[in-house]
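> Following this message is one structure expressed as structure tokens.
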Amino acid sequence: MFLIQGVVATPNPNALKFVLDKQLLKLETRHYETAESANNDLFAKKIFELEGVTSVFYMDKFVTIEKNPDKDWNDIQRNFAKLLSSLDESTVPEENTSENNLTETELLTKITRIIDTQVRPALAADGGGLEIISLDGLTLSIRYQGACGSCPSAIRGTLVAIENLLKREINPEITVIPG
């Protein structure tokens, strides 16, 4: 059984971050933009069964749910709380321990370290996350997760901020693009 410890508004008006009493994942993030993409994740699949849910992102001790703009948060919150109280830890799949499929280079290692320490915590505070898709030369392709996935400020301002941070800290020629 999971309990909601708090509900946090995000910059995205259609996404809420639900802070839970138990840890879901330690090192991994899970993001699903459709119910079909969550077929192998029972936890996310059950959340998608709630009417109005359009995306699910979870990590550590929180779940970010994005809703259809036409749906009301009251029903989704109430039904999500009921769902959580009926689930146990076995509903959350084990973390993926396989190696990341990106080729680890010195540059990618530096980028990942900066993103892990300076970018992901800020995004997580707003109910979102970031996935590194690829590094091709000096072009980094990323995908936003959770509340950040469809947030207008993430698509423009945050992308520029990440690029500026990496240019300042690593290489002035780096570009960051959405994946």
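> Per 5 Å bin, what is the whole-percent P(r) computed from every C-alpha pair distance within the stretch 4-91?
3, 14, 28, 30, 19, 5, 1
> Counting Lys +1, Arg +1, Asp -1, Glu -1, what net charge surrounds ASN74 among other residues with beta carbon under 14 Å of its beta carbon?
0
> Using alpha carbons only, how many angstrom separate the centre of the stretch 141-179 from the centre of the stretch 18-45?
If you average the Cα positions of each part, the centres end up 23 Å apart.
> Still on this structure, please answer the following. Based on other C-beta atoms within 10 Å, arrange MET59, MET1 from fewest to most.
By the 10 Å Cβ count, ascending: MET1, MET59.
> Working out 0.36 nm times the residue gap between LEU27 and SER153, then minus their Cα-Cα distance, what length gain in nm do you get to one decimal?
Numbers: separation 126, 0.36 × 126 = 45.36 nm, distance 2.60 nm.
Stretched out fully, the LEU27 to SER153 stretch lengthens by 42.8 nm.
> In deg cm²/dmol, rounded to 500, what helix-only [θ] at 222 nm does the chain give when every DSSP H run of at least 4 residues adds -39500 (n - 2.57) and the total is split over its residues? Please report the intermediate quantities before stating the final value.
On the way: 5 runs with 47 residues, N = 179.
The helix contribution divided over the chain gives -7500 deg cm²/dmol.
> Ok, one more. Which of the listed residues, TYR144, ASN171, THR112, is farthest toward the dipole's positive end in the stretch 106-178, when Lys, Arg count +1 and Asp, Glu count -1 at the beta-carbon?
Result: TYR144, furthest along the dipole toward the positive end.
> From the phi of every residue in the stretch 48-64, what ³J(HN,Hα) in whole Hz does the Karplus formula 6.51 cos²θ - 1.76 cosθ + 1.60 yield, where θ is phi - 60° and glycine or proline is x?
For the stretch 48-64, the Karplus-derived couplings read 5, 5, 6, 4, x, 6, 10, 7, 9, 9, 8, 6, 6, 10, 9, 10, 10 Hz, x marking Gly and Pro.
> Hey, another quick one. Tell me which lysines have Cα within less than 21 Å of LYS110's Cα, excluding those fewer than 8 residues away on the same chain?
LYS167
> Counting Lys and Arg as +1 and Asp and Glu as -1, each charge on the Cβ, what is the dipole of the chain about the Cα centre in debye, to the nearest 20?
Computed charge dipole of the chain: roughly 480 debye.
Here, each number is a calculation from the coordinates, and none is a lab measurement. The structure presented is a predicted model; accordingly, all values stated were derived computationally and were not measured. Heads up, the Cβs are rebuilt from the backbone with ideal geometry, glycines too, and the neighbour counts pull from every protein chain shown.
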